[in-house]
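**Student:** Sharing a structure, written as structure tokens. Questions coming.
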Amino acid sequence: MYEVAQAGLIAASYRDIPPFPVIAPESVDDAVAAMADAEGPVPYAGGTDLCGAVREGKPIGTLVWLKRLGELRGVYVDGGALSIGALTTHAEGAVAGATTAIPGLAEAWSKLGKMRIRLSGTAGGNLMARHTRYEMSILLTVLGGTAHFASADGVAALTPAEIWDRAEPPRSLLTRLSIPLATGLRLDYDRSLRPLMTQALALWRDGGGKARGRTVIATEYLPPVALDLDLSGSEAKGIAAAAFEALPADFADPASGNGWLCRAGAAVLARQLARQEAARA
Ligand SMILES: Cc1cc2nc3c(=O)[nH]c(=O)nc-3n(C[C@H](O)[C@H](O)[C@H](O)COP(=O)(O)OP(=O)(O)OC[C@H]3O[C@@H](n4cnc5c(N)ncnc54)[C@H](O)[C@@H]3O)c2cc1C
């Protein structure tokens, strides 16, 4: 909103946005070289978040149109890891054959937003928009994945937590997400309490064959927190309650306090563990 003499408060529209140059690189190398020199470069992936952000005042120095970067598309298994191109849309990722390498991932990915959003919104844009209600960070965190960036200074791999901390190199491009394919890795995703909370569970076996697990909880306002599970007990409720004892005391938001999130998180986790156990039986 801005105020105009004699007219009062006027809502901002696209016509208020100052003009800016657009560059459309054909390769990642060209993109990072252009981003190193351009004034205020802002990548455009699907535009689903960016267009709204610009209308709310996000400045654009130079728009970097990513859609010609075929290198950033697609999902494949590469050297023991699932590799997801940053420009892969949610719709493409959810039906990609390689996504089935992690049971439960395709179903979880198919739930992100409505179809109109899933057709344009990308894995990379979801992470880089850094909205707590967006879910790719939850999925990447629970699966122990990393995000790979390229800039004129080289490449860097960041955890999702480091992305929340804005630790990526300046003027860099998120190129791919990488998830190590541990033995028996599978995902259980629970959105039943959204928008209050969303919770993911990953189970796998380590090199010694020992059962491992991690749960991740996030809310509308709080970025994901990961809790490692002690799976030596056999009772789902006990495992879940013990895990949530480690939930940080400051993990609380205006919609739900820490106590409620601990109780709800443990209840959801017990249900997820039981569901996975039943699926294996
Ligand atoms: C109405 C609506 C409902 C939604 N519902 C959900 C939901 O339920 N669950 C969910 O998880 N998500 C949801 N989303 C988010 C959606 O799934 C998209 O992932 C998200 O909007 C961004 O994707 P995009 O590809 O369009 O990114 P853009 O809008 O193009 O970009 C978003 C930001 O990321 C930056 N960026 C994009 N790509 C890169 C890159 N490769 N490297 C560096 N920076 C980059 C851009 O500069 C921009 O700052 C919703 C979005 C909308 C608008």
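What follows draws every value from the coordinates through simple rules; no lab data is involved. Remember, it's a predicted structure, so these values are computed and weren't measured experimentally. Note that we place each Cβ from the backbone using ideal geometry, even for glycine, and neighbour counts take in every protein chain shown.
**Student:** With N denoting the number of residues in the stretch 70-180, provide Rg(C-alpha) divided by 2.2 N^0.38 Å, to two decimal places.
**Tutor:** Working: Rg = 12.9 Å, N = 111, 2.2 N^0.38 = 13.2 Å.
Compactness ratio reported: 0.98.
**Student:** Taking loop as defined by DSSP and a crowding limit of 16 other beta carbons within 10 Å, which chymotrypsin sites (Phe, Trp or Tyr not before Pro) in the stretch 161-232 fit? It would help to have the intermediate numbers written out before the result.
**Tutor:** Working: sites: W164, Y189, W204, Y221; in loops: Y221.
For chymotrypsin sites (Phe, Trp or Tyr not before Pro) across the stretch 161-232 that sit outside H, G, I, E and B with at most 16 neighbouring Cβ atoms in 10 Å, the list reads Y221.
**Student:** If each Cα of the chain is one equal point scatterer, what is log10 of I(q)/I(0) from the Debye formula at q = 0.09, 0.10, 0.11, 0.14 Å⁻¹?
**Tutor:** Log10 of I(q)/I(0), two decimals: -0.47, -0.58, -0.68, -1.03.
**Student:** While we're looking at this one, here's another question. Can you give me the relative contact order of the chain as a percent, contacts being Cα pairs under 8 Å and 6 or more apart? Can you show the working numbers first?
**Tutor:** Numbers: 531 pairs, mean separation 36.2, N = 281.
Relative CO of the chain lands at 13 percent.
**Student:** Taking a point 7 angstrom from the Cα of I117 along the C-beta vector, which residues in the stretch 141-179 have backbone N less than 20 Å away?
**Tutor:** 141-142, 164
**Student:** Quick one: plug the Kirkwood hydrodynamic radius of the stretch 184-280 (C-alpha pairs) into Stokes-Einstein at 4 °C, 1.567 mPa s, and report D in µm²/s.
**Tutor:** Values: Rh = 13.5 Å.
Translational diffusion coefficient: 96 µm²/s.
**Student:** A167 versus D253, label points 7 Å from Cα toward the beta carbon: distance in nm?
**Tutor:** 2.2
**Student:** Hey, can you list the DSSP H helices of the chain whose Cα span along the axis is 20 Å or longer and whose average Kyte-Doolittle score is at least -0.5?
**Tutor:** Counting only whole DSSP H runs, the qualifying helices are 258-280.
**Student:** Give the Debye-formula value of log10 I(q)/I(0) at each listed q (0.10, 0.18, 0.23 Å⁻¹), with one equal scatterer per alpha carbon of the stretch 37-116, two decimals each.
**Tutor:** Values, matching the q order: -0.32, -0.85, -1.07.
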